[in-house]
Amino acid sequence: MSDLTLNPFPTNGVVFAWGMKSSGENYEISPGNIHQALEDPEQSIWLHLNLSHSQVQRWLDKTALIPERAVEMIQEGVTRSRLERIEKLDDCLLMVMNDFHQEFGEKEGDATLGTLWAILTPRLMISLRGKALNTTDKLRADLRDGQVHPYSAVEVFHELIDLRAEYLRTLLIRLSEKMDDLEELLLKGRDIPDHENLARIRIQCSRLRRQFSPELIALHRLHKHPPYWFSNQDKSRLSDDLDLLSFLVQEISNLYDRAKVLQDEQAAHVAEFNARNLQVLSVMTVIFLPMTLLTGIMGMNMEDLPGLKGSFYEVMVLMGTAGVIVYAALKYKKII
C-alpha cells in the first residue's frame, strides 16, 4: 500500500500544481488529480503548498515523500529564526530561500522579504510558503501563459531562481534611480535631500545584503557539491544562477556604500549651512555689541539706588574687574 493511500494528499492546502511529462507536455494538475500524478513515475511535478494550512502540516508529519529531517528543519524554521541554507538529505535538497511578499498596494521600492521552503528531488519539487510570495505567483502565471516550458522539477527550481533574481534586479534599479535623484539634488545645492529617504534606502540595502549573502554562500556550496542526479545542463544553469546572484549581492553592497557616502555629504552640507548661519549671527552680534554696551552703561540709573548714589566709577571698576576674572578663568581652562 502506497504512502498516498495511507496519508491522503491535502487538496485544500494546494496553491498550485504543475505536471511535466516525459513527452514534453506541460499541464496544470487539478487538486483532485495530484494523487494520481504522484504515482506516475514518468512525470515530474511541482507542488506549491500553503504551509499555514493545518492539513498541509499534518501531511508533512506523516508523508514518506519527504525525509523526516527535512520536515523537522521546516518546523524549526517556522517557529524559530531561520537561516538561508541548502541541505542535502538522502536523495533530496532542502532549500530555505528568500522571496518577496506579494502585497497589493505596496509602495514602489518598499519590498518586504518572506521565506520560501523548497524540497527538490529528481522528479518532484514541493515549495511551501506562509504568505503569498511574488516569485512563485509570477512563475504560476508564466506557466499558465505558456511563457516557460520546464522539462523537469530541477528546471522549475532554476526558473524560480531566475524570476526572483529578475525581481531583485528591478528593485535595485528603482533604488539606484532614487539614489541618482538624491545625488543630483545634492550636487545642485539648491536643496538638501531628506535624511529619512537616505536612511530608508540604506536600511533596505543592509537588510537585503544580510538576507541574500548567506543564500549566496549556500549556492556556492551546492555548486561545488551538486547532487548526483543533476545533469550537466542543470549544473550549467546553477553556475549561471550563482553568477547572477553574486552580481546582485555586489550591487546591493554598492548601493549601500553610495547611500553611506551620500549621508556623509548631506551631513557636511548641513554643517556648512549651519556654520554660515552662525557666522551671520556672530557678525550681527559684533556690530551691535558696542551699541548694546553703551546703552547698557548709559542707561544705568544709580541715583535712586540706596548706597550707590554717585558711585558710577566704582561700578565701572567692578564691572571691568569681573570681566578680567572671567577672561582669566577661560584662559586657565584653555577654552579660549
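The values are calculated or read from the model by the stated rules, or taken from the named source; none is laboratory data. Quantities reported herein were computed from a predicted structural model and do not represent experimental measurements. A quick note on method: Cβ atoms are made from the backbone with ideal geometry, for glycine too, and the neighbour counts reach across all protein chains shown. Keep in mind that these areas ignore ligands, DNA and RNA; they rest on the heavy atoms of the full protein, side chains included. Shrake-Rupley method; radii C 1.70, N 1.55, O 1.52, S 1.80 Å.
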Solvent-accessible heavy-atom area per residue, rounded to whole Å², over the chain at 1.4 Å: 57 Å²
Between residue 11 and residue 177, Cβ-based FRET efficiency (R0 45 Å, step 0.05) works out to 0.50
Using the Cα centre of region 229-332 as the reference point, and only Cβ charges (+1 on K/R, -1 on D/E), how large is the resulting charge dipole? Debye, rounded to the nearest 20. 420 debye
Along the charge dipole of the chain, Cβ charges K/R +1 and D/E -1, which of 24, 43, 261 sits furthest on the positive end? 261
Relative to the present Cα-Cα distance, how much length would full extension add between residue 142 and residue 283 at 0.36 nm per residue of separation? 43.9 nm
Using the charge dipole of the chain (Lys, Arg: +1 at Cβ; Asp, Glu: -1 at Cβ; taken about the Cα centre), state which of 217, 195, 122 has its Cα farthest towards the positive end. 195
Can you give me the span-like helices of the chain, meaning DSSP H runs with 27 Å or more of Cα extent along the axis and Kyte-Doolittle mean at or above -0.5? 153-188, 232-298, 312-332
Anchor residue 62: lysines whose Cα lies under 26 Å away (excluding residues fewer than 8 positions away in-chain): 88, 131
Listed values (i) 18.5; (ii) 29.9; (iii) 19.7, entry calculated as mean projected area of the Cα convex hull in nm²: (ii)
How high is the relative contact order of the chain, in percent, with contacts defined as C-alpha pairs under 8 Å that are six or more residues apart? 13 percent
Can you classify region 192-336 as rounded, prolate or oblate using the Cα gyration tensor, where a ≥ b ≥ c are the square roots of its eigenvalues, rounded means a/c under 1.5, and otherwise it's prolate if a/b beats b/c and oblate if not? prolate
Top mean-square fluctuation among 217, 86, 287, Gaussian network model of the chain, C-alpha springs under 10 Å? 287
Where 139, 185 fall by accessible area, highest first, once all protein chains stay in place (1.4 Å): 185, 139
Förster radius 41 Å - calculated FRET efficiency between residue 268 and residue 132 (Cβ-Cβ, nearest 0.05): 0.40
Residue of 282, 206, 22 that the Gaussian network model of the chain assigns the largest fluctuation, springs spanning Cα pairs under 10 Å: 282
If the only charges are +1 at each Lys and Arg Cβ and -1 at each Asp and Glu Cβ, what is the size of the charge dipole of the chain around the Cα centre, to the nearest 20 debye? 1200 debye
How are the Cα pair distances of region 113-172 distributed, in percent, across 10 Å bins from 0? 21, 56, 22, 1
Determine the share of the chain's accessible area contributed by carbon and sulfur atoms, expressed in whole percent, with a 1.4 angstrom probe. 56 percent
